[in-house]
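Please read the structure below before turning to the comments.
The values are calculated or read from the model by the stated rules, or taken from the named source; none is laboratory data. Quantities reported herein were computed from a predicted structural model and do not represent experimental measurements. Virtual Cβ from ideal backbone geometry, glycine too; neighbours counted across all protein chains shown. Each accessible area value is taken on the protein alone, full model and side chains, heavy atoms only, with ligands, DNA and RNA left out. Shrake-Rupley method; radii C 1.70, N 1.55, O 1.52, S 1.80 Å.
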2 protein chains.
Amino acid sequence: MVVRPAATTVVKASPPTMSDVARKAGVSTMTVSRALRDGASIASSTREKIMRAVDELGYVLDQSAGSLSSKRTGFVAALVPSLNNSNFADTARGLTDALQGSGLQVLLGYTDYLIEKEEELIESMLRRRPEAIVVTGGRHTARGRKLLENAGIPVIETWDLPPRPVRHVVGFSNAEAAEALVRHLHQKGYRKIGFIGGTSNRDTRGADRRLGYERAMGALGLKDTRIISFGTPPISMKQGGEALTRLLEQWPDVEAAICVSDLSAFGALMECRRRNIAVPERIAIAGFGDFEISSCSYPAITTVSVNCYDIGRRTGELLLRAIEGERARKPIAGETVITDYEVIARESA
Amino acid sequence: MVVRPAATTVVKASPPTMSDVARKAGVSTMTVSRALRDGASIASSTREKIMRAVDELGYVLDQSAGSLSSKRTGFVAALVPSLNNSNFADTARGLTDALQGSGLQVLLGYTDYLIEKEEELIESMLRRRPEAIVVTGGRHTARGRKLLENAGIPVIETWDLPPRPVRHVVGFSNAEAAEALVRHLHQKGYRKIGFIGGTSNRDTRGADRRLGYERAMGALGLKDTRIISFGTPPISMKQGGEALTRLLEQWPDVEAAICVSDLSAFGALMECRRRNIAVPERIAIAGFGDFEISSCSYPAITTVSVNCYDIGRRTGELLLRAIEGERARKPIAGETVITDYEVIARESA
DNA sequence: CGGACCTTTGTTATCGCTAACATAGCAGGT
DNA sequence: ACCTGCTATGTTAGCGATAACAAAGGTCCG
């Protein structure tokens, strides 16, 4: 066994801790802790001394230790169906932006449009003790819902207007938005309007849009609905193209197609170009979501803009207030923020 | 002061802890801890008893406390330039998928293509004590690089082949991939080939692709390079369209345009359709990244497929081995995994 | 010049869990 | 009956930070 001289630098395997910094700077750990946060009362000379020690040691604060003690993890959990080619990436971005500078960090999870996977994720997220949790949609498994209700933290459901919200909501009615789109087409003179969407109800928002389509058609006295269900949600561009082919085969008289998303609308549009079907003369095409592709494609695609980024941003703002309320032990009341949507008429319909 | 009867249920403000479960099940906290992990030796009758107590109390394990004690946070930090409309969303997805079932969770951060923001994020991520960190690209600020080097955890740089890697690498040479694309166009008979990209070097991979374009042109004896730099990276569809207009104005004789990404290529293509410029007869267009849009648009866009998802998946696999190595105190040697790319010839070039 | 009051720093006691070791109980071989 | 070796559980001591309180030293005022 080697005898080590007392006050000498010893090789440390593990990264430096706050005590190491404190010893080096000749202060207590509490003073180091204060120096590393702002707002604490500390002499500037002491702070400088500590910062020097921090730099020399390459010390990095260990938040997991800090949050155990302070009971603030600085996490916010957010569950989205997917981030690939989807509106939710914009929402996640808006949420992240809104939380900039608040010291909160977003923990993202993908549910793949499955509420069973959502349930699993809710549980694993709660183990991280987030200070709030954001979910997409208002449909959950029974146990998922219970977990949310008992989590003891603010819960925000987004992208929908659930009939019985867990607590807070930031969203809009997908059904109403689809209705508005149907009315727009009707106003433009289209009567034989079809709908293209995925096969299952896995994508709740897609199902709501189809519902809105059916409702609006009924309200306008157009009782012949023409619905093509094709592909597992989220329905891709390519699937949108195939669905259009089927729509035309099944109802050759169809005058317009509403697609569950802009991506499938784009696929449908390209299929038309490929087959030399004039859009909107022979068939009009409309999408949903106002993806960049819709404004940029030729012809540009008529769609419903839903302010994805804004949903995220406003979720973040609500969440900050809600967390503030929890911290001050004055929980805020459940709020429902309804975001705008807007039919954007372009060349395709 | 109210005297509370001893063994009676008392209203608890804070969520139940492991001790509460232990008391209820009549065991020690250690036994509860073991019951909640798999692989530990525990009698099934005891486990059931504990699980019942867990359910009744609605107990959720507190991982932040656990990781302080076990020194395993179960986090992996991943920094990507952006997730919106980008290849990186696929990479993030591949990474997440590869980590499924390993108990590791991805902590995502957006750098906005800025190495200064990356530096900031590296620091805030390290505070969470991730078990590994994944970054995009090989260019970092001096301090960012130092933080990575001293982090004491596996570091993986992706999407590039840095000349002097920090440790592990999973990527490909963007320059070479662009060269391959130039050669493809050359082989098809195109000689007056232009390049469309963003203005700054902010997007390192974009800059590399331009470099590859220049190198390949030189090697083929085509010394007249035609480069349009327009828009802050990442360059959008719309900007791709505008850039194409400029390209045609500045060099009316241009025969083909290579775009820094498929998104700008698509914008360029749509601009052509809008202006009735035949693609590829009058001008050929090629992109980069093999986004879904390229295979689906009409005409379909010639591009370089770079296996984005695979980069993420293989990063995840390497990372699991690296973390295993750290845990067993046998760090693995630095590895460089070179992923494939492939020129995909379609209709536009 | 003494006390009120502020600023700056230190002390102590957790936070909720798990590693490491200790121990009890039991089976099986001799 | 004794020892070996296993499984199932408990005990003790932290992990690295922060909350809450305590205390030291200075300023200011009547």
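Observations on the structure shown:
- Per the listing B:ARG274, B:ARG205, B:ARG246, the residue uniquely of a type outside the set (A, V, I, L, M) and in contact with a helix residue (DSSP H, G or I) (Cβ under 6 Å, 6 or more places away or on another chain) is B:ARG205.
- Residue that is nearest to the other protein chains (Cβ to nearest Cβ) [pool: residues in segment B:26-43 that are open to solvent by 80 Å² or more (accessible area, probe 1.4 Å) and within 9 Å of DNA strand D (Cβ to nearest atom)]: B:ARG34
- Residues of segment A:44-60 that turn out to be within 8 Å of DNA strand C (Cβ to nearest atom) and open to solvent by less than 40 Å² (accessible area, probe 1.4 Å), as a count: 1
- B:GLN63, sole failed condition from (1) surrounded by 20 or more Cβ atoms within 10 Å (Cβ to Cβ); (2) more than 9 Å from chain A (Cβ to nearest Cβ); (3) among the polar types (S, T, N, Q): (2)
Every residue, every condition in (1) of a type in the set (S, T, N, Q); (2) under 29 Å from B:ASP340 (Cα atoms), yes or no:
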residue: B:LEU269; (1), (2): no, yes
residue: B:ARG274; (1), (2): no, no
residue: B:PRO280; (1), (2): no, yes
residue: B:ASP290; (1), (2): no, yes
residue: B:THR303; (1), (2): yes, yes
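- Filter pass, A:ALA243 being open to solvent by less than 60 Å² (accessible area, probe 1.4 Å) and within 14 Å of chain B (Cβ to nearest Cβ): yes
- B:ILE227, sole failed condition from (1) touching a residue at least 24 places away in the same chain (Cβ under 8 Å); (2) on the phi > 0 side of the Ramachandran plot: (2)
- Hits in segment A:66-83 (condition: without any contact (Cβ under 8 Å) to a residue 40 or more places away in the chain, within 9 Å of DNA strand C (Cβ to nearest atom) and open to solvent by less than 40 Å² (accessible area, probe 1.4 Å)): A:GLY66
- Residue check for B:ALA142: surrounded by fewer than 21 Cβ atoms within 10 Å (Cβ to Cβ), over 27 Å from B:SER67 (Cβ atoms), out of contact with any Leu (no Cβ under 7 Å at 6 or more places or on another chain) and within 14 Å of another protein chain (Cβ to nearest Cβ): yes
- Among residues of segment B:87-130, those that are more than 8 Å from chain A (Cβ to nearest Cβ), more than 20 Å from A:GLN100 (Cβ to Cβ) and not in a helix (DSSP H, G or I), counted: 6
- Residue check: A:ASP97 meets all listed conditions (1) open to solvent by 40 Å² or more (accessible area, probe 1.4 Å); (2) within 16 Å of DNA strand C (Cβ to nearest atom); (3) modelled with pLDDT of 95 or more but one, namely (2).
- Every condition in (1) within 19 Å of A:HIS184 (Cβ to Cβ); (2) within 14 Å of chain B (Cβ to nearest Cβ); (3) of a type in the set (Ser, Thr, Tyr); (4) surrounded by fewer than 20 Cβ atoms within 10 Å (Cβ to Cβ) holds for A:SER297 except the one numbered (4).
- Filter pass, B:GLU249 being within 13 Å of chain A (Cβ to nearest Cβ), assigned to a helix (DSSP H, G or I) and farther than 19 Å from B:TYR190 by Cβ: no
- Every condition in (1) buried (at least 19 other Cβ atoms within 10 Å of the Cβ); (2) over 16 Å from the mean Cα position of the chain (by Cα); (3) assigned by TED's automatic domain parsing to the domain that holds B:GLU317 holds for B:SER124 except the one numbered (1).
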